[in-house]
1. Roughly how many nanometres apart are two label points built 7 Å out from the Cα toward the Cβ at Leu224 and Leu191?
2. When you count, for each residue, the other Cβ atoms within 10 Å and take the mean per peptide, how do 369-377, 335-343, 291-299, 215-223 rank with the highest first?
3. For His404 and Val244, what does the FRET efficiency come to when R0 = 25 Å and r is the distance between their Cβ atoms, rounded to the nearest 0.05?
4. Would you mind counting up the charge near Pro75? Only other residues with Cβ under 14 Å from its Cβ, with Lys and Arg at +1 and Asp and Glu at -1.
5. Percent relative contact order of region 12-451, based on C-alpha pairs within less than 8 angstrom and at least six residues apart?
6. For region 57-165, I need the span (max minus min coordinate) of the C-alpha atoms along each principal axis, in Å, sorted largest to smallest.
7. Among Asp11, Asp277, what is the fewest-to-most ranking by other Cβ atoms within 10 Å?
8. What is the extension gain from Asn163 to Leu235, computed as 0.36 nm multiplied by their sequence separation minus the C-alpha to C-alpha distance, in nm to one decimal?
Amino acid sequence: MTSPASPRPEDENLGVGANLAYGLQHVLTMYGGMIAVPLIIGQAAGLSAGDVGLLIAASLFAGGLATLLQTLGIPFFGCQLPLVQGVSFASVATMVAIIGNDGTGGMQVVFGAVIVSSLVGLLITPLFSRIIKYFPPLVTGIVITTIGLTLMPVTARWAMGGNSQAADFGSPANIGLAAFTLASVLLLSKLGSASLSRLSILLAIVIGTLAAMATGMADFSQALQGPWVAMPEVLHFGAPQFQVAAILSMLIVIVVTMVETSADILAVGEIIGTPVDSKRLGNGLRADMISSALAPLFGSFTQSAFAQNVGLVAVTGVKSRYVVASAGLILVTLGLLPVMGRLVAAVPTAVLGGAGLVLFGTVAASGIRTLAQVDYRNNMNLIIVATSIGFGMIPIAAPGFYHHFPTWFETIFHSGIELGGDHGDFAQPAVQPPARRQLRPAVGVRRRQRAHPALPGYCRVE
């Protein structure tokens, strides 16, 4: 008589209490990243604090639903692995460029572009799930690094106060508050336990906000006004609008998010010891794309796997997908509490600036770590990295660089992520001789990978 086969690690159910406790840890780990994108987009569109709160609630709600789909799965959708889904940083610069000065009208164009590009991503998933293994660390590292660098001007403006028209923009008080918050992040990361360190950004935001309240720099008087519990309003910002240039621009972003999610699916498979074939990868990408296509209906944006939660799985050793599904339920619940979104929207912008320096800088540092896996000996890889990141910095260093170009051209190429990523995609196969196109980690990285097989060479943000 044979004993029943033991369940796969991701199928272990720890019970309701443990699932919720570990799920809450996942939510706290990624909460700072989850709220950052709606805050950036809401401020770029000039939305009121109430509408920014709705964006935050919608992002939590959509991310929770996407997480449930990814972890529990239905036929053809969901990789059924412990992956938390949320709004992708990769889309920020492109969405800000699309919004321009149109405010809510620009939001409608963004939503239309996200819907169409996500549906295209859904259609190309079968092909993409087969070719993703050919994406070298050179390309993924360039993209991740550029994402982090293009977000740095955002955190600088936040540290100065956010509103350039305000009388206290760039005042010592604002910059001092940002510096205090940054110092709190660093101290918590250095002096706290491992679990406390993972929450350092979230806790520093709380500490910075308390300091702002003590000095009269925070006002929460309007945060408690309005409903505390409410379903996300469908098409609150109006019906999506469809512009060709915006859609083309977002299509490039969708490819980037598909690379991100693929890397995280492969990485978490390595960590928990479950092989990931092209079918499972395709199911995960389809869940990613359908979630991204539906998110704008609630007022959210492109969804992708949150890599910091992949790192949490590796650190804690808790591999159950039901734990992450519990995190999805918590996110959905938070999304039904618009008062939470309004409270976050009322946090002083300078506090977010101090925390954002670490948050966005970590994204860039993760890309640099991925680029460390590239072999730079006797090839053009160094030149490709240099020129790609240089192209990516053009819209930041010279925002008016494309001022005299057609509007459609400026919309597509105003994002440094697209410029840098596209250059890396095309330059790598164009200038490398065939024998050198297959990149491999440097010797030191290969040794570390042999010693720690749970740390593959995929791009991850931890």
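What follows draws every value from the coordinates through simple rules; no lab data is involved. Fair warning: this is a prediction, and the values are worked out from it, not measured in the lab. No Cβ is skipped: glycine too gets one built from the backbone with ideal geometry, and neighbour counts run over all protein chains shown.
1. Here the modelled spin labels are 3.2 nm apart.
2. On the way: 369-377: 19.1, 335-343: 21.0, 291-299: 23.1, 215-223: 13.9.
In descending order of packing, they fall as 291-299, 335-343, 369-377, 215-223.
3. Values: r = 21 Å, r/R0 = 0.82.
The formula returns an efficiency of 0.75 here.
4. Working: positive: Lys279, Arg280, Arg286; negative: none.
Summing Lys and Arg as +1 and Asp and Glu as -1 gives +3.
5. Numbers: 802 pairs, mean separation 150.7, N = 440.
So the answer I get is 34 percent.
6. 51, 34, 25
7. Numbers: Asp11 13, Asp277 9.
With the fewest neighbours first, Asp11, Asp277 line up as Asp277, Asp11.
8. Values: separation 72, 0.36 × 72 = 25.92 nm, distance 2.70 nm.
That works out to 23.2 nm of additional length.
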